[in-house]
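Visitor: First the structure, then my questions, so here it is.
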Amino acid sequence: MATSLIQKYNVPGPRYTSYPTVPYWEHEHFSSETWIETLKKSFLQSNSTEGISLYIHLPFCESMCTFCGCHKRITKNHDVEHPYIEALLKEWKLYCSILGETPIIKEIHLGGGTPTFFSTKNLEDLINGIFAHAKKSDAYEFSFEGHPNNTTRAHLQKLFDLGFRRVSFGVQDYSETVQNAINRHQSFHNVAKVTFWAKEIGYTSIGHDLIFGLPFQKLEDVIDTIEKTKSLQPDRLAFYSYAHVPWIKGNGQRGFRDEDVPKDDAKRELYEVGKQLLFEHDYHEIGMDHFALKTDSLYTSFKNNRLHRNFMGYSASKTQVMIGLGVSSISDSWYSFAQNEKNLDDYYQLLEWNKLPVVKGHLLTREDLIIRKHILNLMCQFETSWSDVDDYLDEIPQIVAQLHEMEKDGLLIILPSGIRVTEEGKPFVRNICMAFDVRLKRKLPATSLFSMTV
């Protein structure tokens, strides 16, 4: 990749797990009542045809990983487990009373934090409690994130018995120097152990999360990590850029100096070499920073134009409704977003008052919905079209004018009524999406809110 292109396009930009992105939500037009209204509307439209998704946030971790940008609570006290499970189930019951008819659940994702911080008994109580008020879709897909150091075979077996078939393990990097810097100590042995257990038990999709651009990370570290990963043959991989945003995450990303983090050409080389190695090992690029073997459902979904992206990341299928349970979780009714209280004590208090713990959100305008569709198309299929009048915006001419420079640089092809991202343009898909982001253009932040795009 040309150095000049990296220097030109390496700017702060959103990752677009949603549109509008959270900093541009208009909270003044939002309330719990409007959230409930849009949720019920969307639920009635889609529950019987495609079901709903649940994202369940399990925030507890025993130690702080300094690369992490997630909402978490550090503790070694496992007495926190049971009260939290009870709170999650109370929140779910509140939602079920609002929805009226029995929810049909297509997707569940347990995220964190560290979901495997919780005992198998508490995880079983959680899932059984969810289905005391819901049904499984015939095409359900349940997944969870596992920490290689504390995921036991009992965890994997119990969750498999409860219907989970996909698991992702956070690997990041195998270099001891890098692990010391990010306070994430785990051996290849531990990752191999949980990966082989998952294969033996019968999981159909095993994922590994890798990160490039970590402090002190060198090219040989990325090569070594990918070669070790290849030996374990996970079905899918996330190979994504470390988001260095210490001005937002505070001390959580101050375990090293800014100059210890690879930048610009050095960082991009880590990705380019890593990506080429993945291609040589039969992994195929799926959306942004994701790769999969041809046998994985994510690859099939990408090829069949069914890939979807939301707050849970990339998904092999789409549901119109995604309900987030737990502290800081974000929900999506398609017509609006809603985020839960981030403070754990306040989250508990709202549930004690029999109130949904929703504290902020955004109602999507017609313009938002159209732009959201284009950004999803670009993120999931690397192309989009406005040939349908319902997909056209008055701003399209200005957007196309802005994209001409990227076309000259070989990043995309402008078609009569759409655009297609080239192979050279895939690393810059966030930049291309930013051309459609009218809210970003209208209200540039006073301070940097986002990580760098390259």
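The values are calculated or read from the model by the stated rules, or taken from the named source; none is laboratory data. Keep in mind that what you see is a predicted model, and the values were worked out from it rather than measured. Ideal geometry is used to build each Cβ from the backbone, glycine not excepted, and the neighbour counts take in all protein chains shown. When the accessible area is computed, the model is the full protein with side chains, heavy atoms only, and any ligands, DNA or RNA have been set aside. Shrake-Rupley method; radii C 1.70, N 1.55, O 1.52, S 1.80 Å.
Visitor: In region 230-256, which residues are part of a loop (DSSP other than H, G, I, E, B) and modelled with pLDDT of 80 or more?
Guide: If the condition is that a residue be part of a loop (DSSP other than H, G, I, E, B) and modelled with pLDDT of 80 or more, then GLN233, PRO234, ASP235, TYR242 are the ones that fit.
Visitor: When region 37-83 is examined, which residues are found to be charged (D, E, K, R), closer than 28 Å to SER333 by Cβ and in a loop (DSSP other than H, G, I, E, B)?
Guide: LYS72
Visitor: Name the residues in region 151-180 that are in a loop (DSSP other than H, G, I, E, B) and over 22 Å from the mean Cα position of the chain (by Cα), would you?
Guide: THR152, LEU162, TYR174, SER175 - these are the residues of region 151-180 that are in a loop (DSSP other than H, G, I, E, B) and over 22 Å from the mean Cα position of the chain (by Cα).
Visitor: Still on this structure: Could you go through region 21-28 and let me know if any residue there is at pLDDT 85 or above, touching a strand residue (DSSP E or B) at 6+ places or on another chain (Cβ under 8 Å), more than 27 Å from LYS426 (Cβ to Cβ) and not in a loop (DSSP other than H, G, I, E, B).
Guide: Looking for residues that are at pLDDT 85 or above, touching a strand residue (DSSP E or B) at 6+ places or on another chain (Cβ under 8 Å), more than 27 Å from LYS426 (Cβ to Cβ) and not in a loop (DSSP other than H, G, I, E, B), one finds at least one in region 21-28, hence yes.
Visitor: Please specify each residue of region 267-293 satisfying the condition of being among the aromatic types (Phe, Trp, Tyr) and surrounded by fewer than 18 Cβ atoms within 10 Å (Cβ to Cβ).
Guide: Correct list: PHE279 only.
Visitor: Identify, please: which residue in region 412-426 is in contact with a Leu (Cβ under 7 Å, 6 or more places away or on another chain) and at pLDDT below 95 and is, among those, surrounded by the most Cβ atoms within 10 Å (Cβ to Cβ)?
Guide: Here the residue is GLY425.
Each row is one residue, and each column tells you yes or no for (1) open to solvent by less than 50 Å² (accessible area, probe 1.4 Å); (2) β-branched (Val, Ile, Thr).
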residue: SER301; (1), (2): yes, no
residue: ASN305; (1), (2): no, no
residue: HIS308; (1), (2): yes, no
residue: VAL321; (1), (2): yes, yes
residue: SER333; (1), (2): yes, no
residue: ASN340; (1), (2): yes, no
residue: ASP345; (1), (2): no, no
residue: LEU350; (1), (2): yes, no
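Visitor: Further question on the same structure: Working carefully through the options ASP391, ASP409, find the one that is open to solvent by 10 Å² or more (accessible area, probe 1.4 Å), of a type in the set (Asp, Glu) and either in contact with a Leu (Cβ under 6 Å, 6 or more places away or on another chain) or at pLDDT below 95 (or both).
Guide: Step by step, each of ASP391, ASP409 is checked, and only ASP409 is open to solvent by 10 Å² or more (accessible area, probe 1.4 Å), of a type in the set (Asp, Glu) and either in contact with a Leu (Cβ under 6 Å, 6 or more places away or on another chain) or at pLDDT below 95 (or both).
Visitor: All but one of (1) under 23 Å from ALA243 (Cβ atoms); (2) touching a strand residue (DSSP E or B) at 6+ places or on another chain (Cβ under 6 Å) hold for THR116; which doesn't?
Guide: That leaves (1) as the condition not met.
Visitor: Right, another one. As an exercise: evaluate GLU101 against (1) open to solvent by less than 10 Å² (accessible area, probe 1.4 Å); (2) in a loop (DSSP other than H, G, I, E, B) and give the number of the one condition it does not meet.
Guide: (1)
Visitor: Can you name every residue in region 137-157 that is open to solvent by less than 10 Å² (accessible area, probe 1.4 Å) and farther than 19 Å from ASP125 by Cα?
Guide: PRO148 - this is the single residue of region 137-157 that is open to solvent by less than 10 Å² (accessible area, probe 1.4 Å) and farther than 19 Å from ASP125 by Cα.
Visitor: Now for a different question. Can SER385 be described as farther than 25 Å from LEU44 by Cβ, at pLDDT 95 or above and either surrounded by fewer than 19 Cβ atoms within 10 Å (Cβ to Cβ) or within 21 Å of the chain's Cα centre (by Cα) (or both)?
Guide: So SER385 fits the description; yes.
Visitor: Filter region 427-437 down to the residues that are of a type in the set (A, V, I, L, M, F, W, C) and closer than 15 Å to ILE286 by Cα, then identify the one that is surrounded by the most Cβ atoms within 10 Å (Cβ to Cβ).
Guide: Among them, the one singled out is PHE428.
Visitor: Using the structure shown, decide if LYS76 is at pLDDT 95 or above and either within 21 Å of the chain's Cα centre (by Cα) or surrounded by fewer than 18 Cβ atoms within 10 Å (Cβ to Cβ) (or both).
Guide: Judged against the criteria, LYS76 is not a match.
Visitor: Mind listing whichever residues of region 14-65 are closer than 21 Å to LEU110 by Cα and among the hydroxyl-bearing types (Ser, Thr, Tyr)?
Guide: TYR16, THR17, SER18, SER53, TYR55, SER63
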